[in-house]
Amino acid sequence: MLTFEELLETWDGETVVMHRDGESGGWIFVCLHSTRLGPAGGGTRMQVYGTPAEALEDAMRLSAGMSRKLAVAGLPFGGGKAVIAVPEIPGGDRRRALFLRYGDLVASLGGTYRTSSDMNTGEADMDVIGERTQYVFGRSVEAGGSGSPAPPTAVGVYHGIRASLSHVFGSDDLEGRIVVVQGAGGVGSPLADHLANAGASVVVTDIDLERAHAVAARVGGAAVPADQIFETECDVYAPCAVGGILSTETVPRLRCRIVAGSANNQLAEPEAAELLHARGILYAPDYVINAGGAIAIVGLEQLGWSKSELDTSLARIGETLRQIYKQADERGISTAAAADILADERLKAS
Ligand code: NAD
């Protein structure tokens, strides 16, 4: 495990703000990876870590990912991320007091970092932060926010699936195509609706099998047990649950032509992207196809977009993927590598 000094020396980002939160016994790290395209944007994750250095490393890694994600999404934002490392996840008054203190910290950065929710934080926490600073996205509708980012994320994934079908089959028509949706939650459930409405045969899976059955029944599809996901034959596998599902162990088992879903950090290891490429399975890079929620909260809460402007921007996810697929083909590289090249070009060009 690297020390604070080693982590800071080897990081390619701009600024790290560290705060020892004496009241909770925790640490807060705000990492501003890049502000070249605009203020650093990215969620606040709250988690129990083994050591503070592990939390710092996580925040550094996640903030670098946000730079690429927001650059490819074409938003006027750089990448940032905050981690609140706590001895235990707090509730009630202690949680509220922590988020008020955290709100003061975000306020002190004067808008160079703008937060939203992430793992173990949500709308209610963003409302509390909003009592102390205007630099917060994803508050509740009552507190002036734009509502859940999951439905626009599903719309973005839908456009991404169509673009992927078009690249593989020469047509983006969903009629008769089989799409397996892994995870019938906030994103997977509305995604299943969009796909079924466009004529796809939808297969749903979830560790909560009842939830899978409910969504499958609603969209006229089928449900399969969660452990059969990799062996299920389909045109498109849409991971909308957990990350780390694409590895050198699972990719050889896949029986699909396309992997395109919302889950974050789908590649368990970089080699999985190469293996997908070698097997001729088209992979929609996760941070490109799942940007719909970020696009919606920034567009609606900061840029004053109308509904139709948002729709146009979500459809652009499909166009960006087409561009990435073309580049990958021309250069003979994986789509994951092509996405990283596009992101890095946009970051350098600014
Ligand atoms: P969610 O918690 O609402 O739903 C996830 C669903 O997946 C749940 O129904 C859960 O039971 C199921 N699940 C968990 N593990 C599973 C497994 N191993 N196999 C099958 N099902 C499993 O989450 P969500 O908001 O729909 O997000 C889904 C994924 O998309 C996550 O990886 C999330 O990080 C990512 N993502 C979400 C958004 C968003 O706006 N919500 C944006 C970008 C990325």
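Quick notes
- Within region 223-239, residues that are β-branched (Val, Ile, Thr) reach partners that are assigned to a helix (DSSP H, G or I) with beta carbons closer than 8 Å, at six or more positions or on different chains, in the pairs 224/212; 236/161; 236/164; 236/165.
- Qualifying residue in region 207-229 (condition: crowded, with 22+ Cβ neighbours inside 10 Å, within 26 Å of residue 332 (Cα to Cα) and either within 10 Å of the ligand (Cβ to nearest atom) or of a type in the set (A, V, I, L, M) (or both)): no
- Of all residues in region 101-143 being away from the ligand (no atom under 16 Å from the Cβ) and at positive phi, the one that is least open to solvent (accessible area, probe 1.4 Å): 111
- Close pairs (8 angstrom Cβ cut-off, 6 or more residues apart or separate chains): over 15 Å from residue 311 (Cα atoms) and within 8 Å of the ligand (Cβ to nearest atom) in region 286-298, among the hydrophobic types (A, V, I, L, M, F, W, C) and not in a helix (DSSP H, G or I) anywhere: 286/263; 286/267
- Criterion (farther than 19 Å from residue 239 by Cα, outside any helix (DSSP H, G or I) and either within 16 Å of the ligand (Cβ to nearest atom) or in contact with a Cys (Cβ under 9 Å, 6 or more places away or on another chain) (or both)) met by exactly one of 146, 171: 146
- Against the conditions (1) more than 8 Å from the ligand (Cβ to nearest atom); (2) open to solvent by less than 50 Å² (accessible area, probe 1.4 Å); (3) not charged (D, E, K, R), residue 243 satisfies every one except (1).
Residues checked against (1) aromatic (Phe, Trp, Tyr); (2) open to solvent by 30 Å² or more (accessible area, probe 1.4 Å); (3) touching a residue at least 40 places away in the same chain (Cβ under 8 Å):
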residue: 9; (1), (2), (3): no, yes, no
residue: 16; (1), (2), (3): no, yes, yes
residue: 22; (1), (2), (3): no, yes, no
residue: 28; (1), (2), (3): no, no, yes
residue: 32; (1), (2), (3): no, no, yes
residue: 35; (1), (2), (3): no, yes, yes
residue: 49; (1), (2), (3): yes, yes, no
residue: 54; (1), (2), (3): no, yes, yes
residue: 58; (1), (2), (3): no, no, no
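- Every condition in (1) part of a loop (DSSP other than H, G, I, E, B); (2) more than 30 Å from residue 254 (Cβ to Cβ); (3) touching a helix residue (DSSP H, G or I) at 6+ places or on another chain (Cβ under 9 Å) is met by residue 128 except one, and the failing one is (1).
- Test: residue in region 181-189 that is part of a helix (DSSP H, G or I), under 24 Å from the mean Cα position of the chain (by Cα), of a type outside the set (A, V, I, L, M, F, W, C) and under 20 Å from residue 230 (Cβ atoms): yes
- Condition check for residue 312: among the β-branched types (Val, Ile, Thr), over 19 Å from the mean Cα position of the chain (by Cα) and loosely packed, with under 14 Cβ neighbours inside 10 Å: yes
- Residue check, residue 276 more than 22 Å from residue 150 (Cβ to Cβ), part of a helix (DSSP H, G or I) and among the hydrophobic types (A, V, I, L, M, F, W, C): yes
The values are calculated or read from the model by the stated rules, or taken from the named source; none is laboratory data. A quick note: this is a predicted structure, and the numbers were derived from the prediction, not measured. Note: ideal-geometry Cβ built from the backbone for every residue, glycine included; neighbour counts use all protein chains shown. The protein model used for the area step is the full one, side chains on, heavy atoms only, and it has no ligands, DNA or RNA in it. Shrake-Rupley method; radii C 1.70, N 1.55, O 1.52, S 1.80 Å.
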